[in-house]
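Working notes for the structure below.
Where a number appears in this text, it was derived from the coordinates with a stated rule and is not lab data. Because the structure is a prediction, the values reported are computed rather than measured. Every residue, glycine as well, gets a Cβ built from its backbone with ideal geometry; the counts of neighbours run over all protein chains shown.
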Amino acid sequence: MSLLRRLNPSIVPVSATERLRASLGALVGIMLTGLLTRMALGDASAFPLLIAPMGASAVLLFAAPSSPLAQPWSILGGNLVSATVGVTCALTFSDPVVAAGSAIALSIAMMLLLNCLHPPSGAVALTAVLGGAAIEQAGYWFVLSPVGLNTILLLASAYAFNNATGRRYPHLAAASTQNIHGTADPAPSHRIGVVPDDLRAVLEQYDEVVNISPEDLDALLHQAQIRAYERRSGEVTCGEIMSRDVLTVSPETSLRAAWRLLMQARIKALPVVAADAQLVGIITQTDFMRMSVLNERGGLSLGLQARALMRRRDTPRTVSDIMTKRVQSALPQTKIAKLVPPMADMGLHHMPVVDHDNHVVGIITQSDLIAALFQSREESRSGSGTAMFEAV
């Protein structure tokens, strides 16, 4: 029984909804590919409308769309390269067994060399060798039709279906976390612990194809670290540490009035709310400096950008002219550990807290977050120390 359990693949179970989504995707993808191929080639075509390896490709494209083996270059490059190799081996070797073995070996070598490894492409190479008289007579035309045609149609179906059902495809590599200040230092959250370079070094030492990209592995590890910290930090939420008496402005507030409010309250940011009290933006001291609309005495002045706007009779006068409209916000029940990446790596100094109707109920600054993390860490240490003292 122990051996059987070890042989059972350790795949994280997915929800019934995801299983249904993947199955419907394969249904739609294969049916569309077959129907459109029939329209293009006609029923009288000597070629099969669908080659068997497309079924295996559908499993990857719809059930594991984030896999590196399911990305567009993997399936397109893998299928075309393997089909070409298969046809070449079929024309070169008279013995089908020798041709089949050579086709598989060379296909794997070429796919690894060209970074387009796609397991079903091995079956494409075999189909080119053992597919029968029609494929043998077609020669290299088999590479374009039906292999190329099937591949492109299935890819287009996967792109449309996955994105329509909430699965990003193609699954682009996550952008590397860079220091927003443009210096050579890594982002703050990547200066200690496991960093992307560590993952790449370990994977290179592993020297085996792993069915997850280093970028995705890094993202998963980062999320796991945040989850672990949430567990250690006592589940502290934004609602517990946020400032509730929040000063706000409207989009129609004059820039002079907004600046005066910032100076009088000694704060650096003001959430911008519409007439219905919903959050529509945020204005910070940085926005004023970026637009160069205030002089050192707090009076309105015309910097280079403002002069250019003036020539277009569009001089910024109200908050709506310079505010940041795409605002990251949090809910009161959001764990504070989730604020660390945006505030540490993305340079956010303020995080508005909103309710489910997008009404501002509070705001958190970097100082609030640091104080809360420090306090939770000290409480954790204190609790551990008490437990040790009692045990002794």
Legend entry - Square roots of five times the Cα gyration tensor eigenvalues for segment 95-174, Å: 29, 17, 9
Inset, instruction - Hand me the chymotrypsin sites (Phe, Trp or Tyr not before Pro) from segment 63-152 located in a DSSP loop with no more than 14 other Cβ atoms within 10 Å, in residue order please. - result: TYR140
Legend entry - Spatial separation of Cα centroids for segment 322-369 and segment 62-101, in angstrom: 49
Inset, instruction - Output ³J(HN,Hα) for segment 120-136: one whole-Hz value per residue in order, computed from phi by the Karplus curve 6.51 cos²θ - 1.76 cosθ + 1.60 with θ = phi - 60°, and x for Gly and Pro. - result: x, 5, x, 5, 4, 4, 5, 4, 5, 8, 10, x, x, 5, 4, 6, 4
Inset, instruction - Binning at 10 Å from 0, report for segment 12-164 what percent of all alpha-carbon pair distances ends up in each bin. - result: 12, 40, 32, 13, 2
